[in-house]
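Below is one structure, written out as structure tokens, with a few remarks after it.
The values are calculated or read from the model by the stated rules, or taken from the named source; none is laboratory data. Everything numeric here is computed off the predicted structure, so don't read it as measured data. FYI the Cβ positions are ideal-geometry reconstructions off the backbone, even for glycines, and counts take in every protein chain you see. Calculation scope for accessible area: heavy atoms of the full protein, side chains included, ligands and nucleic acids excluded. Shrake-Rupley method; radii C 1.70, N 1.55, O 1.52, S 1.80 Å.
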Amino acid sequence: MKVQTKSFTDFTTTELYNVLTLRNVVFVVEQNCAYLDTDGYDDKAHHVLIYNENDDLAAYCRIFTDGIKYDSASIGRVIVNPKYRGSHLGHLLISEAIKSIENLYTSTVITLSAQEHLQNFYGKHGFETVSSVYLEDNIPHVEMVRKKEH
């Protein structure tokens, strides 16, 4: 697997198209959730991409510095391509996102909005639930926070 972290301006047209396609396949079609995925934040993010040996986009998320989505750094649009589920790429993706945040930003706290059923998954990466359940795009979510280990 090949891991890359890119700014929005570093994307090729094809890379951007592949990211947006994957996000729409899962977040809009698979989850049956009509919402505007292109939310005006992609150009403010760094994008963590994992490719397989054939350069197929296997996993993706975007990360932000403090003050863009939350007061802290944050992770969002976490996705594993349905073709690669069950191969633990989600754990690799979150580990790489945390590393990228630590390398690019000065934040000591990372926040994310997790689908409620993924609390254990994120908990394995040091995230703790800090909110009650709320609906985001009609899907139950919780806010989770990870504080940098010293």
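Only residues that are free of Cβ contacts under 8 Å to residues at least 40 places away in the same chain and either more than 21 Å from residue 125 (Cα to Cα) or buried (at least 21 other Cβ atoms within 10 Å of the Cβ) (or both) were counted across the stretch 66-77, and they come to 5.
If the condition is being in a loop (DSSP other than H, G, I, E, B) and open to solvent by 70 Å² or more (accessible area, probe 1.4 Å), then the stretch 123-133 contributes 124, 130, 132, 133.
Of all the criteria given as (1) at pLDDT 95 or above; (2) assigned to a helix (DSSP H, G or I), the one not satisfied by residue 83 is (1). Residues of the stretch 27-36 that are surrounded by fewer than 14 Cβ atoms within 10 Å (Cβ to Cβ), free of Cβ contacts under 8 Å to residues at least 40 places away in the same chain and part of a helix (DSSP H, G or I): 29 alone.
Does residue 120 satisfy the criteria of being in a loop (DSSP other than H, G, I, E, B), among the polar types (S, T, N, Q), open to solvent by 70 Å² or more (accessible area, probe 1.4 Å) and free of Cβ contacts under 8 Å to residues at least 12 places away in the same chain? Criteria not met by residue 120. Scanning the stretch 37-65 for residues that are over 10 Å from the mean Cα position of the chain (by Cα) and either surrounded by fewer than 17 Cβ atoms within 10 Å (Cβ to Cβ) or within 16 Å of residue 21 (Cα to Cα) (or both) yields a total of 17.
Just for the stretch 4-36: of the residues that are among the charged types (D, E, K, R) and touching a strand residue (DSSP E or B) at 6+ places or on another chain (Cβ under 8 Å), which one is farthest from residue 64 (Cα to Cα)? Explain how you work it out, then say what you get.
Residues of the stretch 4-36 that are among the charged types (D, E, K, R), as a first pass: 6, 10, 15, 23, 30.
With touching a strand residue (DSSP E or B) at 6+ places or on another chain (Cβ under 8 Å) added as a condition, the list becomes 6, 15, 23.
Details: 6: 12, 15: 19, 23: 17 Å.
By that ranking, first place goes to 15.
Does residue 120 fit the bill of being of a type outside the set (A, V, I, L, M, F, W, C) and more than 24 Å from residue 140 (Cα to Cα)?
Numbers: of a type outside the set (A, V, I, L, M, F, W, C): yes; more than 24 Å from residue 140 (Cα to Cα): no.
Against the criterion (of a type outside the set (A, V, I, L, M, F, W, C) and more than 24 Å from residue 140 (Cα to Cα)), residue 120 does not qualify.
With respect to the conditions (1) closer than 22 Å to residue 45 by Cα; (2) touching a residue at least 40 places away in the same chain (Cβ under 8 Å), residue 99 falls short on a single one, namely (2). Could you tell me whether any residue of the stretch 134-149 is surrounded by 13 or more Cβ atoms within 10 Å (Cβ to Cβ), part of a helix (DSSP H, G or I) and aliphatic (A, V, I, L, M)? Taking every residue of the stretch 134-149 in turn, none turns out to be surrounded by 13 or more Cβ atoms within 10 Å (Cβ to Cβ), part of a helix (DSSP H, G or I) and aliphatic (A, V, I, L, M).
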